[in-house]
Structure formats: structure tokens, C-alpha cells
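Presented below is the structure to which this report refers.
The values are calculated or read from the model by the stated rules, or taken from the named source; none is laboratory data. As the structure is a prediction and not an experimental result, all values here were calculated from the model. Every residue, glycine among them, receives a Cβ derived from its backbone with ideal geometry; neighbour counts consider all protein chains shown. In case anyone asks, the SASA skips ligands and DNA or RNA and just uses the protein heavy atoms, side chains included. Shrake-Rupley method; radii C 1.70, N 1.55, O 1.52, S 1.80 Å.
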Amino acid sequence: MVPLFLTAFVGTIFVIQFFVPHRPFSSMQGLLTDWVQIIVAFAIWLGALNLMRVSAESVSKREKGWPYAVIIIASFLLMAVIGFFFSGGTRFQDPGTPFDWMYQNVYNPLSATMFAMLAFYVASASYRAFRARNREATLLLLAGFLVMLGRVPVGDQITAFLPDGYRLSNLADLIMNIPNKAGQRAIMIGIALGIVSTSLRLILGIERSHLGGEA
Amino acid sequence: MSLLDRMLAVDRRWIFLLVAAAVTVPLFLELEQKIEVTQESRGVADALRALPAGSRVIMACDYDPGTAAEVQPMAITFLKYCLSHQLRVIIMGLWPQGPMQADLALRDALRDPAVAALNPQYGVDYVNLGFQSGNEVVIQRMGSDIPAVFPRDSRGRPIGEFPIMENVRNFGAVAYVFNISAGYPGTVEWIQFAGDRFHAPVGSGTTAVSAPLYYTYFPRQVTGVLGGMKGAAEFEALTGFPGKGSRFMLSQSFAHVVVILFIVLGNIAFFLSRRRKRRAEGAA
């Protein structure tokens, strides 16, 4: 009952303060948002510790890919130790600190590399899977085709012989501004209605799956 | 093995190799490319131009190094423009790496001659408040009490020490919010809370993959959207600070052409194989 009451109470306060931004709701909202920040901050630690626990288990049981878990643990500890003890305390982000060096020269390029690999997989997947199998797929293909070309300068260079307003960039803008916006807005309104419905179910205690019980 | 069979069974390493060539070779070419500016990008630049000198703007960096290739040029250009036009910049982030990326962008921006000439000072012309946990709740709290959310800057100094933060209680003291977003929390949350709830003008710089979603808020709820590297290049052209966005557009053009060629080739192979299959079925 206590978690249900807390959910209902906090949810109701947040709803009311949105429409009545005056005392006591505004001050209660301030207090509750402070709590949210503290809980989220602990959740970050919880996530980090959980990552360590899962990785350590993977290593101890010699699960498939366990050497990667060793790299995770070593990297985590290395960054944490360098950040906490060898980078000037709260000034660990300053230029020239070991933490800053690691961030710029190790974390930054590795992270960018992971994202950049998408380009290769997208090209490979588009060759194998992006097929005009039916009318809907053909429409998607054509729209993608026009937007991809229209959103880079080469698109206008290819269609430079056409009058201004009829080039690929104009066509790409048209696709993005009319069918894209209409479709996206419809989806967003649907999602918003779903969120309102789920939130009400949570506040009223009908939806209890977040407590570990039955939905 | 026929040509069609070879097309269908092409080793993907060849595809990878061609994509790598399409991205890297243009880096060494000097081809002039005309950047067409979209109304969404123009919206960000116009909103900035309308601000009088001395205005405070928030640069909310909600991204990490993974998406920096697309959005870091936006951060650099935004800082160059603001600092060279005496707009005071308050940097913060709802992603832990965001304010660190902003630090890197600041180092680039401060080296620009137009910025260096004005010798902007930390705490006076710009400040980095760092990361704050809490996602959209942070934005909501900033609407009523910014010092409560950010009592100290990213280096742990009380914000009361900084002239730029004098009399800053909520979004009322901020003329513009520019959010650089790579996902959640990001532009959607800034629009919903800072924009819709507290009426702060919001602009967005985002990855190409997120831009179609954010365009739906333009022009009523967001003043403008910079979408991907193309958006960065447009912003650079509009503000007169050419940078990495413009320089790397050629690579992006080539990469797009290569992907499109692969799609065309893949579809040719698909239709040919389907016709061959139907013929074989007809013969049987």
C-alpha cells in the first residue's frame, strides 16, 4: 500500500503544480524534484556498480566473451582512479589533467568510432535489405532516396539544370515538411495519449507492474 | 557464377571498403560546395541575431562523443557567434559528457580571431555549470530556481562568484536556450518544459536521425532546428564561421551517393533474381 500511496501522492502533486504554480504546490514540487535528482544520481551509481557486478560474474564464470568484461572493469577502474585521485580533485575536467587527456584521446575517439561504424553497416544493410518489394516499401525507398540526395549539396548539383524551387533540396524539404511532419505528429499525439493513459493508471493504482506485481 | 549471382553474394567487406573510400578521399579534395540553407536552420540564426548584446543564452549540451562528429561543429559555431557578439553563454548538460564536450568546443571557439579579439572571461562572458542528474526534472526545476539546481559550476565553485549568474533565478533571465541533442533527455524535453511551460525560446541542434522528429515542433514551439552535419554546415554559412560542418559535407555527399548506389544495385539484383525465379517456375 505504501508504494501505491507514494505514487498516487507524488503523481497528483506533479499534475496539480503544472496547472497551479503557487504555494503550497510550487514548494512541494521543488522538494520532490530535489528528491528525483538525488534518486537519479544514486541510480547512476547503481548502474555503474551493477555493470561491475555483471562483468565480474562474467569473468569468474568464464562466460562467452569474458575478456571483454575484463576490459570493461579495467577501463572503469582506470578512469575512476585517474579522475578521483590524479586529476586535481574537482578540477579534473581542466585542460591538461590526466582525466582530460584520457577523455580526449581514448574515450572520445573510441566512442566516435562505435557510432561511425553505423555508416558501414547502414551501407551493407541497404544493399541487402532495402528492397522495393511492395508499394509501401517502394514509397519508402523513393522518399529515402530523395531525402538522402536532397539533404547534401550534391543533390542540387545533379539537378542544377532545373529552375530554383524544383531541385532535389526543395523536394527533400517538401517531403520533410509535409508527409514527415504529418506522420510524426500523428505518432506523437498517439504516444502522448498513451502516456496520459498509463500515467493515470499508475496514479490511480490500476497499473502495478512497476512494483513487481501483476499488470 | 553469373554476374547476378556475384552481385547477390558480394562480400560486405567490399562495401565497407567503398564506404571508407567515399568518406576519406573527399577529405583531401578541395571542391567548392554550395550549401542550400533550410528555413529550420535559418530560424536558429535569426533568433540569435535578434538578441541584443549582453543577453544571456543557455547552451544545453545533451550529447556525447559518439555523436560529436555531427553536433560538435554546431556547439563550436554557436559559441563563436555568441562570444563574438557579446552574448553571455551559460553552459550545462543533462548528459554527463555534454559539458565536457562543451569545454572542448570552447577551446576551439576561444582560438577564433573574432572571439579572441574580445577576450571573453570565464564567469563574466561564459560559464560551465556542468552536468546535473534528473533529466527533464532538472529543466522543470530551472523554471523556478536555477541556483537550486546548479549551486556550483562544473569545477565546484559557487555560482554566486560569477557576474554572469547575477540575478539569474529562472528562465526569465535567459533570452534563448540552444539545446544540442542526441536523444533523451534532449530537445523534446527542453521544448516541453523550458519552451511550452516556461515560455523560453528554444532552438535545437541535433543529429540527422533525430531531426525529422524535431521538425514537427518548428516554427511554433522551436525557433529552429539544425539537423545533422548539413545543419551544422548551414549554421556555419549563416553565421560566417566556416568550420568542420562545411568541410566535411563533401564526405557526407560522397557517402550518401555510395549508399544510394548500393541501394540501386541491390534492387537491380533483387528484380533480376525475382524474374529469373519466376521464369524457372514458369518453365517447371
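Test A:F145 against the criterion of being within 8 Å of chain B (Cβ to nearest Cβ), among the hydrophobic types (A, V, I, L, M, F, W, C) and either open to solvent by 30 Å² or more (accessible area, probe 1.4 Å) or free of Cβ contacts under 8 Å to residues at least 24 places away in the same chain (or both), and give yes or no.
yes
Assuming A:R135 fulfils every condition listed in (1) touching a helix residue (DSSP H, G or I) at 6+ places or on another chain (Cβ under 8 Å); (2) at pLDDT 90 or above; (3) not hydrophobic (A, V, I, L, M, F, W, C) apart from one, which condition is it?
Tallying (1) touching a helix residue (DSSP H, G or I) at 6+ places or on another chain (Cβ under 8 Å); (2) at pLDDT 90 or above; (3) not hydrophobic (A, V, I, L, M, F, W, C), A:R135 fails exactly one: (1).
For region B:117-153, how many residues meet the condition of being open to solvent by less than 20 Å² (accessible area, probe 1.4 Å) and either acidic (D, E) or in contact with a Pro (Cβ under 7 Å, 6 or more places away or on another chain) (or both)?
Total satisfying the criteria: 4.
Determine the pairs where a residue that is without any contact (Cβ under 8 Å) to a residue 12 or more places away in the chain, located within region A:46-61, has a partner that is in a helix (DSSP H, G or I) and open to solvent by 70 Å² or more (accessible area, probe 1.4 Å) with Cβ atoms under 8 Å apart, the partner being 6 or more residues away or on another chain.
From region A:46-61, the pairs are A:S58/A:W66.
Test of understanding: among A:S75, A:S87, A:S26, A:S60, which residue is over 30 Å from A:L204 (Cα atoms), among the small types (G, A, S) and in contact with a Ser or Thr (Cβ under 9 Å, 6 or more places away or on another chain)?
Checking each option against the conditions leaves just A:S87.
Among the residues of region B:198-219 satisfying the criterion of being surrounded by fewer than 24 Cβ atoms within 10 Å (Cβ to Cβ) and away from chain A (no Cβ under 14 Å), which is nearest to B:T38 (Cα to Cα)?
Looking at residues that are surrounded by fewer than 24 Cβ atoms within 10 Å (Cβ to Cβ) and away from chain A (no Cβ under 14 Å), I get B:P201.
Out of the residues in region B:226-237 that are buried (at least 22 other Cβ atoms within 10 Å of the Cβ) and either more than 10 Å from chain A (Cβ to nearest Cβ) or more than 15 Å from the chain's Cα centre (by Cα) (or both), which is farthest from A:G150 (Cα to Cα)?
B:E236
Where in region A:138-215 are there helices (runs of 4 or more DSSP H), lying wholly inside it, with at least 3 residues that are charged (D, E, K, R)?
The helices (runs of 4 or more DSSP H) meeting that bar are A:181-203.
Those residues that are in a helix (DSSP H, G or I) and of a type outside the set (S, T, N, Q), I need them from region B:168-189; list them, please.
Correct list: B:F171, B:G172, B:A173, B:V188, B:E189.
Looking at B:D108, B:D103, which is the one that is surrounded by fewer than 19 Cβ atoms within 10 Å (Cβ to Cβ), closer than 21 Å to B:K244 by Cα and assigned by TED's automatic domain parsing to the domain that holds B:G240?
Values: B:D103 fails: surrounded by fewer than 19 Cβ atoms within 10 Å (Cβ to Cβ).
None of the others qualify; the one that does is B:D108.
For region A:148-196, how many residues are open to solvent by 60 Å² or more (accessible area, probe 1.4 Å) and within 7 Å of chain B (Cβ to nearest Cβ)?
Residues meeting the conditions: 1.
Evaluate region B:1-20: report whether one residue or more is open to solvent by less than 10 Å² (accessible area, probe 1.4 Å), assigned by TED's automatic domain parsing to the domain that holds B:E136, at pLDDT 90 or above and within 26 Å of B:S253 (Cα to Cα).
No, region B:1-20 contains no residue that is open to solvent by less than 10 Å² (accessible area, probe 1.4 Å), assigned by TED's automatic domain parsing to the domain that holds B:E136, at pLDDT 90 or above and within 26 Å of B:S253 (Cα to Cα).
Among the residues of region B:134-145, is any away from chain A (no Cβ under 14 Å), out of contact with any Gly (no Cβ under 9 Å at 6 or more places or on another chain) and assigned to a helix (DSSP H, G or I)?
Within region B:134-145 (the criterion being away from chain A (no Cβ under 14 Å), out of contact with any Gly (no Cβ under 9 Å at 6 or more places or on another chain) and assigned to a helix (DSSP H, G or I)), the answer is no, since none of the residues qualifies.
Take A:L78 and decide whether it is of a type in the set (A, V, I, L, M), more than 9 Å from chain B (Cβ to nearest Cβ) and within 27 Å of B:V149 (Cα to Cα).
Values: of a type in the set (A, V, I, L, M): yes; more than 9 Å from chain B (Cβ to nearest Cβ): yes; within 27 Å of B:V149 (Cα to Cα): no.
Considered against the rule, which asks whether it is of a type in the set (A, V, I, L, M), more than 9 Å from chain B (Cβ to nearest Cβ) and within 27 Å of B:V149 (Cα to Cα), A:L78 comes out as no.
Would you point out the residue of region A:121-137, among those that are closer than 10 Å to B:F270 by Cβ and either in a loop (DSSP other than H, G, I, E, B) or touching a His at 6+ places or on another chain (Cβ under 6 Å) (or both), that is farthest from the other protein chains (Cβ to nearest Cβ)?
Ranking the qualifying residues of region A:121-137, first place goes to A:R133.
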